[in-house]
Amino acid sequence: MINKVMETFEEAVADITDGAVIMIGNFAGPGGLPYYLIHALKKQGARNLTIVANTAGGTGLTLDFDDHKILFESKQVRKVITTYLSPSPTRPSPAEKQIAAGEVELELVPQGTLAERIRCGAVGVPAFYTPTGFGTVIAEGKEVRYFDGRPHLLEHAIKADYAFVRAYKSDRMGNLVYRGTMRQFNPIMAMNARVTIAEVDEIVEIGEIDPEVVVTPGIFVNRIVRIEEDPGFPRHLDRSFWIRDSEAI
Amino acid sequence: MKERLPREVIAMRIARELFDGAVVNLGIGIPTMVCNFIPEGITVIYHTENGALGFGPVVTAEEFEERADIDLINAGGQFVTPLPGMCFFHHADSFGMIRGGHIDTTILGVIQVSEKGDLANWMTPGRGVGNIGGGMDLAFNAKRVIAATEHITKGGKPKIVKQCSVPLTAPRCVDLIVTDVAVIEVGKEGLVLREFAPGWTVEEIQSITEPKLMVADDLKEIEL
């Protein structure tokens, strides 16, 4: 019987080695962030990591929210491939400080190019041309080719060893569905990595997820861990927790 | 110094550029405010980079307890409200919509904009690093790019310049510049002053604009 469910986040990340390339589902703030996998990785201690994520952590709704910035604080990261460092130079994220100090290597990528590099890495396309970035610093050192008279840059796929993804529901086959804007990078990262680990709210019986609405087919998912109720991390809303530092409202 | 239009009025003027059924992506800052001023009878479909189309207004402070949902945010990290008919999709599809030319209008903030329509809005001078986010894909690929900005910097320097001195977001991408004193179209021959804020003369606007402005035949006061 296929059963990818694991009991703990600790065992799900136990085999990650130093130097691994890890994709982390993330946009801005806690929605769609595999919070417990990130914390388990910090405890596990693998170092020299390359992190691929929309932001380098420490950004979004609550600046003091412990997202993947904790992996920078614990000096586990060697390189970050990202689109966003911190909202303001007066409030630099741990990653921005370490990049400025030369401790972490930065590959800054336009967000659409990052998404497509991840998607291409997932689907066997080694590289692609995009108009985005021509005539800017992003174009430095890249091959340029004209299509229909418009200049395009050659961009290369990214491949990950591990993807940490956040989903709403899974079955034991690993079929995933998401909730709202939780989806963001998670489905394409799930498709990409050699080992994909999903952090989910609920694990349901086989057949309970309508096959018409599966977003991530189960073959892309290797390990599944359900989030236990944890009063320390309100998954749903607790105004006092999320509202601090929020410029949103 | 003469009175400038408040940021809300810049947003109000830009809202008049949107048409019924337009697919619109709003950047952070003044652009975000545009959603509050959509003219009656016009329905626009909002797109956000993090994978949603057709969502409703931003959750207000009064509504927070009841309506804020961490799984329903826009690209600025604001909580937004659900609307019947909205849909969700992943990031590669979201930027497929942008790169593929399916976004009718994007409204973006400005650090500098040049007379050729070059836009710089991702790296402030002297910082050394910056945040590209989704702005570069939007600036390159949306069908129409509207730049929303104060006319000059807090230090009094022109933001509309001959040539940008900070790293570009995209060259030759801006179609219309709406500021707190003027509406300026980026034409093939250069910048065309189309509208002015109440009380401002062409000469006064030119004096705080680096490149030479051409004046539209039908130059008029900004109408809201």
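Per-peptide packing, taken as the mean over residues of other Cβ atoms within 10 Å, places B:67-73, B:17-23, A:89-95 in the sequence B:67-73, A:89-95, B:17-23 from highest down. Amide H contacts for A:D67 (H built 1.01 Å from N in the peptide plane; partners 5 or more residues away or on another chain; cut-off under 5 Å): A:G58.
Sequence-ordered 3J(HN,Hα) estimates for the range B:199-209 from the Karplus curve with 6.51, -1.76 and 1.60 and θ = phi - 60° stand at x, 9, 9, 4, 5, 5, 5, 4, 5, 10, 10 Hz, glycine and proline given as x. Shown for the range B:116-202: lysine pairs separated by 8 or more places, or found on different chains, whose C-alpha atoms are under 15 Å apart, numbering 4.
What is the P(r) of the range A:1-112, as percent of Cα-Cα pairs per 10 Å bin from 0? P(r) over the range A:1-112, rounded to whole percents: 15, 48, 29, 7, 1, 0. The mean count of C-beta atoms from other chains within 10 Å of the C-beta of residues in A:102-113, rounded to a whole number, is 5.
Using the Karplus relation 6.51 cos²θ - 1.76 cosθ + 1.60 with θ = phi - 60°, the per-residue 3J(HN,Hα) values for the range A:85-92 come to 9, 5, x, 7, x, 7, 10, x Hz, with x marking Gly and Pro.
Residue ranking by accessible heavy-atom surface, 1.4 Å probe, largest first, among B:E150, B:E62 comes out as B:E62, B:E150. Quick check: from the Cα gyration tensor, does the protein assembly as shown come out rounded (a/c under 1.5), prolate or oblate? Prolate shape, in that a/c is at least 1.5 and a/b is the bigger ratio.
Split the accessible area of the protein assembly as shown by element, probe 1.4 Å, and carbon with sulfur accounts for 50%.
Mean per-residue shielding of peptide B:45-55 is 4, counting Cβ atoms of other chains within 10 Å of each Cβ.
Between the beta carbons of B:K143 and A:F128, assuming R0 = 25 Å, the FRET efficiency works out to 0.70 to the nearest 0.05.
Per residue, the range A:1-150 exposes 39 Å² of accessible surface when a 1.4 Å probe is rolled over the protein heavy atoms with every protein chain present. The modelled label-to-label distance between B:E223 and A:F147, using points 7 Å beyond Cα along the C-beta direction, is 4.2 nm. Note on chain A: dipole from Cβ charges, positive end direction compared against A:S93, A:A127, A:M23; the farthest Cα belongs to A:A127. In straight-distance terms, cross-link reach from A:K4 covers every one of the lysines whose alpha-carbon lies under 17 Å from its own, apart from those fewer than eight places away in the same chain; here that gives A:K169. Shielding of peptide A:182-195 by partners, expressed as the average count of other chain Cβ atoms within 10 Å per residue Cβ, is 4.
Set the Cα radius of gyration of the range B:7-221 against 2.2 N^0.38 Å, with N its number of residues, and you get 1.03.
The value of relative contact order for the range B:7-221, using C-alpha pairs under 8 Å at least six residues apart, is 17 percent.
Solvent-accessible surface, computed for protein heavy atoms with a probe of 1.4 Å, shrinks by 20 Å² or more for the following residues of the range B:127-142 when the other protein chains are added to the isolated chain: B:R127, B:V129, B:G130, B:N131, B:I132, B:G133, B:M136, B:D137, B:F140, B:N141.
Computed packing ranks the peptides A:10-17, A:77-84 as A:77-84, A:10-17, most packed first, by mean other Cβ atoms within 10 Å. Taking all protein chains as they are arranged and a probe of 1.4 Å, the heavy atoms of B:I222 leave approximately 20 Å² accessible to solvent. For the range B:115-192, DSSP calls about 70 percent of its internal beta bridges antiparallel.
Protein heavy-atom accessible surface, 1.4 Å probe, per residue over the range B:7-221: 40 Å². Spin-label model, A:E212/B:R172: points 7 Å from Cα along the beta carbon direction are separated by 4.8 nm.
Between chains B and A, what is the buried accessible area in Å², counting both sides, with a 1.4 Å probe and ligands, DNA and RNA left out, to the nearest 100? Buried area between the two chains comes out at roughly 3900 Å². For the residues A:K75, B:K2, a 1.4 Å probe over the protein chains yields an accessible-area ranking, largest first, of A:K75, B:K2.
The values are calculated or read from the model by the stated rules, or taken from the named source; none is laboratory data. Worth saying up front: this structure is predicted, and the values here are computed from it rather than measured. All Cβ positions, glycine included, derive from the backbone under ideal geometry; neighbour counts span all protein chains shown. With ligands, DNA and RNA removed, areas are computed over all heavy atoms of the protein, side chains included. Shrake-Rupley method; radii C 1.70, N 1.55, O 1.52, S 1.80 Å.
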